[in-house]
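**Q** Questions regarding the structure given below will be posed in turn.
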Amino acid sequence: MSDDPVGTEERAPYVESPIIMTTVRIITPFVFTFGLFVMFHGADSSGGGFQGGVIVGTVVLMLGIGFGIETTRDWIGPTLPVVLVGIGVFAFLATGIGSVLLGGGFLEYDVYPIKKAFKYGIEFVELAIGLIVAGVVTGLFFVVAAGTRDTGGDAA
Amino acid sequence: MTTPLELGLLVFILTCAVATALLRDVLGSIIAFSAYSLAIAVAWVFLRAPDVGLTEAAVGAGVMTVLFLLTIAKTVRPSSDRTLERVDLPALAVSVALVAVLATTLFALPAAGAADSAVATDDVTAYYLDNAYEETQVKNAVTAVLAAYRGFDTLGEAVVVYAAGVGLLVVLDREVFA
């Protein structure tokens with residue numbers, strides 16, 4: 001977990017390349033913005049939470065390829081993906097059940113007392129889906145990179 | 001009806017699919033699979049389904065390729081004296097037979113973009129197209145169906161993704177993605 005990112009034999013091989021690092025550093029903000037755009041603009045054009053979430057997750061994948069997976073994982077922290085996924089599922093469920101509690105059907109957004117409840121409700125749900133997908137994509141990347149070796153997990 | 005561009009795309013998809021199956025070098029196979037996914041994404045756009053195309057491009061061509069590459073980084077390359085895998089003839093016969101049986105259903109489908117297909121004339125489709133904007137205030141009818149009319153299904157899809165992540169953690173006996 002804390003071994004050096006360069007030249008480790010059993011990890012995914014990481015070669016420090018200034019070209020890749022510079023490219024990742026330059027395009028990462030644009031890809032992240034594009035992911036958020038796809039997520040939020042899914043209501044009015046192609047896209048949505050699933051697609052936008054994958055693109056946001058790709059940002060982490062690019063950072064991992066550019067700067068080393070171990071370094072990226074240490075920077076993000078092991079619990080953040082799990083927390084994001086949990087918050088996403090909870091937000092989606094709460095939106096649906098909340099509208100039932102307010103007297104409407106499941107995900108019947110217009111019982112919420114806000115303007116354009118349907119539009120903003122859909123945006124909120126897309127954002128929740130995006131959190132789930134981005135978290136799971138990031139987590140899959142880290143888990144597959146770590147492999148099946150027991151790295152600090154409590155063995156049963 | 002079929003433009004040379006579409007025909008070229010279909011040939012490219014088939015070539016990539018065959019290359020994925022036959023290439024002996026796993027790295028080459030993964031690259032061919034990535035090209036196949038990208039071409040399929042373009043095919044979805046040709047079929048007027050940009051939402052699906054976007055998903056295919058992001059997941060199939062992007063994330064899956066990275067995950068496959070990470071996986072084969074942990075394997076050893078076979079000593080590749082040949083470029084192509086030897087074809088297992090009985091397995092090929094079974095595959096062709098299965099495809100032939102499934103292909104019989106193709107004749108029951110309407111032509112792509114046909115005006116009288118059930119997709120275009122169905123009452124449910126007409127209702128969504130007529131009322132989606134007034135009822136949900138979103139311009140993309142696909143999103144309106146996904147997040148409003150069929151919101152419960154979408155909750156199921158999101159929970160499937162969640163369950164896949166949790167299932168992987170359980171299998172690997174971890175509590176965090178690390």
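**Q** How many of the residues making up segment A:13-37 are open to solvent by less than 20 Å² (accessible area, probe 1.4 Å) and either more than 30 Å from A:LYS119 (Cα to Cα) or at pLDDT below 90 (or both)?
**A** Total satisfying the criteria: 1.
**Q** Of B:VAL142, B:VAL101, B:VAL138, which residue is open to solvent by 60 Å² or more (accessible area, probe 1.4 Å), in contact with an Asp or Glu (Cβ under 9 Å, 6 or more places away or on another chain) and of a type in the set (A, V, I, L, M)? It would help to see each step written out before you state the result.
**A** On the way: B:VAL101 fails: in contact with an Asp or Glu (Cβ under 9 Å, 6 or more places away or on another chain); B:VAL138 fails: open to solvent by 60 Å² or more (accessible area, probe 1.4 Å).
Going through B:VAL142, B:VAL101, B:VAL138 in turn, just one is open to solvent by 60 Å² or more (accessible area, probe 1.4 Å), in contact with an Asp or Glu (Cβ under 9 Å, 6 or more places away or on another chain) and of a type in the set (A, V, I, L, M): B:VAL142.
**Q** Can you name every residue in segment B:68-78 that is open to solvent by 20 Å² or more (accessible area, probe 1.4 Å) and in a helix (DSSP H, G or I)?
**A** B:PHE68, B:LEU69, B:THR71, B:ILE72, listed by residue number.
**Q** Let me ask another. Looking at segment A:100-119 only, could you name the residues that are over 26 Å from the mean Cα position of the chain (by Cα) and in a loop (DSSP other than H, G, I, E, B)? Explain how you work it out, then say what you get.
**A** Going through segment A:100-119, the residues over 26 Å from the mean Cα position of the chain (by Cα) turn out to be A:100-105, A:108, A:110-116.
Within segment A:100-119, A:LEU102, A:GLY103, A:GLY104, A:GLY105, A:GLU108, A:TYR112, A:PRO113, A:ILE114, A:LYS115, A:LYS116 meet the criteria.
**Q** A follow-up question, please. Given the condition on the phi > 0 side of the Ramachandran plot, facing another protein chain (nearest Cβ under 8 Å), modelled with pLDDT under 90 and in a loop (DSSP other than H, G, I, E, B), answer yes or no: does some residue in segment B:140-163 qualify?
**A** no
**Q** Which condition from (1) within 20 Å of B:ARG150 (Cβ to Cβ); (2) in the same structural domain as B:LEU9 (by TED's automatic domain parsing); (3) surrounded by fewer than 17 Cβ atoms within 10 Å (Cβ to Cβ) is the one that B:GLY28 breaks?
**A** That leaves (1) as the condition not met.
**Q** Can you tell me which of A:THR58, A:THR72 is in a helix (DSSP H, G or I), modelled with pLDDT of 85 or more, of a type in the set (Ser, Thr, Tyr) and farther than 19 Å from B:ASP51 by Cα?
**A** A:THR72
**Q** While we're here: For segment B:32-47, how many residues are in contact (Cβ under 8 Å) with a residue 24 or more places away in the chain and more than 14 Å from B:VAL11 (Cα to Cα)?
**A** Total meeting the criteria: 4.
**Q** Can you tell me which of (1) within 9 Å of chain B (Cβ to nearest Cβ); (2) assigned to a helix (DSSP H, G or I); (3) surrounded by fewer than 22 Cβ atoms within 10 Å (Cβ to Cβ) is the one A:SER45 doesn't meet?
**A** Evaluating A:SER45 over (1) within 9 Å of chain B (Cβ to nearest Cβ); (2) assigned to a helix (DSSP H, G or I); (3) surrounded by fewer than 22 Cβ atoms within 10 Å (Cβ to Cβ) leaves (2) as the failure.
**Q** Check off (1) exposed (fewer than 13 other Cβ atoms within 10 Å of the Cβ); (2) away from every other protein chain (no Cβ under 14 Å); (3) aliphatic (A, V, I, L, M) for B:VAL170 and give me the number that stays unchecked.
**A** Answer for B:VAL170: the failing condition is (2).
**Q** Any idea which residue in segment B:126-135 is farthest from the chain's Cα centre (by Cα), counting only those that are modelled with pLDDT under 85 and surrounded by 15 or more Cβ atoms within 10 Å (Cβ to Cβ)?
**A** Only one residue tops the list, namely B:GLU135.
**Q** If you don't mind, there's one more thing I want to ask. Scan segment A:120-148 residue by residue and report those that are at negative phi and either part of a loop (DSSP other than H, G, I, E, B) or small (Gly, Ala, Ser) (or both).
**A** Correct list: A:GLY121, A:ALA128, A:GLY130, A:ALA134, A:GLY135, A:GLY139, A:ALA145, A:ALA146, A:THR148.
**Q** With the requirement that a residue be under 26 Å from A:PHE124 (Cα atoms) and not in a loop (DSSP other than H, G, I, E, B), what does segment B:103-139 give you? If you could, list the steps in order and put the result at the bottom.
**A** Keep residues of segment B:103-139 that are under 26 Å from A:PHE124 (Cα atoms), which gives B:124-125, B:127-139.
Listed by number, the residues that qualify are B:VAL124, B:THR125, B:TYR127, B:TYR128, B:LEU129, B:ASP130, B:ASN131, B:ALA132, B:TYR133, B:GLU134, B:GLU135, B:THR136.
**Q** So, one more: What residue, among those in segment A:127-149 that are modelled with pLDDT under 90, within 7 Å of another protein chain (Cβ to nearest Cβ) and open to solvent by 10 Å² or more (accessible area, probe 1.4 Å), is nearest to B:ALA164 (Cα to Cα)?
**A** Across segment A:127-149, the extreme among qualifying residues is A:LEU140.
The values are calculated or read from the model by the stated rules, or taken from the named source; none is laboratory data. The shown structure was predicted, so the numbers you read here are calculated from the model rather than taken from an experiment. Cβ: placed from backbone, ideal geometry, glycine included. Neighbour counts: every protein chain shown. All accessible areas refer to the heavy atoms of the entire protein, side chains included, with ligands and DNA or RNA removed. Shrake-Rupley method; radii C 1.70, N 1.55, O 1.52, S 1.80 Å.
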